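Chemist: Here it is, the structure, as structure tokens.
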Amino acid sequence: MNTNSRLLKSFERLGLYLRTLLFDLNFQHYISLQIIPLCYLLVLITTAGGLAFLVVTQFMQNILLGLFYLCVSPMVFLIWVSLCRVMLELLIVVFRITAQLDHVSSMNDSLGEVTALTRPLSRLFQPKSARPVRTSRQDTPPPTNNRR
């Protein structure tokens with residue numbers, strides 16, 4: 001009975017997890033970061049299976065061609081899997097940058113609220129000048145023309 005209740009609770013948690021991720025119409029949670037490892041696993045399995053199928057079929061047609069594909073397939077596997085890994089890592093980096101930008105944006109919003117609250121206090125502590133400073137045209141340097 002205890003294992004059945006644990007299994008039932010696990011399925012309930014899984015259902016809640018899928019409902020919050022798949023039916024999140026505001027896109028508050030990124031599901032891609034959680035699917036990327038699964039995609040990489042599928043790339044590994046399908047690439048290995050596809051190359052094994054190719055080697056077996058080539059052996060059935062011609063032994064020399066089968067030996068050639070047997071020798072070349074590890075290199076093809078490593079190159080293809082490496083390229084897919086790099087692309088998936090780039091996706092992860094993009095999503096992490098997005099998460100960091102969301103965090104910075106929320107910090108900027110809260111900083112704006114704090115600034116709005118403290119602006120009247122900062123005016124109290126500013127030194128008051130007796131006369132406003134006016135700049136005349138003589139104080140400004142002449143414009144430079146750096147064309148050659």
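Coordinate-derived values only; no laboratory data. Worth saying up front: this structure is predicted, and the values here are computed from it rather than measured. Cβ placement follows ideal geometry from the backbone for every residue including glycine, while neighbour counts extend to all protein chains displayed.
Chemist: With the structure loaded, tell me whether residue 27 is of a type in the set (Phe, Trp, Tyr) and in a helix (DSSP H, G or I) or whether it fails that test.
Modeler: Spelling it out, it is not the case that residue 27 is of a type in the set (Phe, Trp, Tyr) and in a helix (DSSP H, G or I).
Chemist: Quick one: would you say residue 33 is in contact (Cβ under 8 Å) with a residue 24 or more places away in the chain and hydrophobic (A, V, I, L, M, F, W, C)?
Modeler: Yes, satisfied.
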